[in-house]
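Student: First the structure, which I've put down as structure tokens, then a few questions once you've had a look.
Rule-based calculations on the coordinates, nothing more; no lab input. Quick caveat: nothing in here was measured; it's all calculated off a predicted structure. Counting neighbours? That spans all protein chains shown, and the Cβs are built from the backbone with ideal geometry, glycine included.
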Amino acid sequence: MTNAPPPRRSAAEQQRLEAALRDMFEHRLAFNEVIGFRVDSFDPAAPSLCFDMRPDLIGHYLHGRLHGGVISTALDTAGGFAAVVGIAEKFCGDTAIEVAHRFGRVGTVDLRVDYLRQGLGKRFTATGRITRLGGRIASVQMTLENEAGVLIATGAGSYVIS
């Protein structure tokens, strides 16, 4: 007896899902909109968000570095985004509405940030990679890079998903 893969949602339903997730992460989560997060990739192996440097995101006025709180927020948000994309992939037969309902139960349990380099750049990309997607908790590794691919910070997070 073979385990058949779960049925995939249709291309049209996948587009609806991606539009709903984009709207959630770019506009409905007001703080994300303040920072200026945009969905960069829905790749289940490495979903990512990006944002541009702006004067109001500077944490050190003499050097024009990205504020540490923005770095932490970007990593945490990328981890949550990866968890949601992972849920959507795990339940690939669910409609956009069903996945959106599951999203309401996602929250950060634990977050660790390692600041590796100064937050210098014009554009930043935060990427999340799921290391484990259990029934109740998702574990995610995150990175933040600038437009030149310089690694600014890494993070590890746990997210409740049920």
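Student: Which of the residues that make up region 33-92 are of a type in the set (D, E, K, R), part of a strand (DSSP E or B) and touching a residue at least 40 places away in the same chain (Cβ under 8 Å)?
Tutor: Within region 33-92, ASP40, ASP52, ARG65 meet the criteria.
Student: Would you mind stating whether VAL106 is among the aliphatic types (A, V, I, L, M), under 18 Å from SER162 (Cα atoms), within 14 Å of the chain's Cα centre (by Cα) and buried (at least 20 other Cβ atoms within 10 Å of the Cβ)?
Tutor: Spelling it out, it is not the case that VAL106 is among the aliphatic types (A, V, I, L, M), under 18 Å from SER162 (Cα atoms), within 14 Å of the chain's Cα centre (by Cα) and buried (at least 20 other Cβ atoms within 10 Å of the Cβ).
Student: Would you say ARG129 is farther than 19 Å from ASP52 by Cα, in contact (Cβ under 8 Å) with a residue 40 or more places away in the chain and among the charged types (D, E, K, R)?
Tutor: Yes.
Student: Is one or more of the residues making up region 118-141 in contact with a helix residue (DSSP H, G or I) (Cβ under 7 Å, 6 or more places away or on another chain), more than 25 Å from ARG28 (Cα to Cα) and outside any strand (DSSP E or B)?
Tutor: yes
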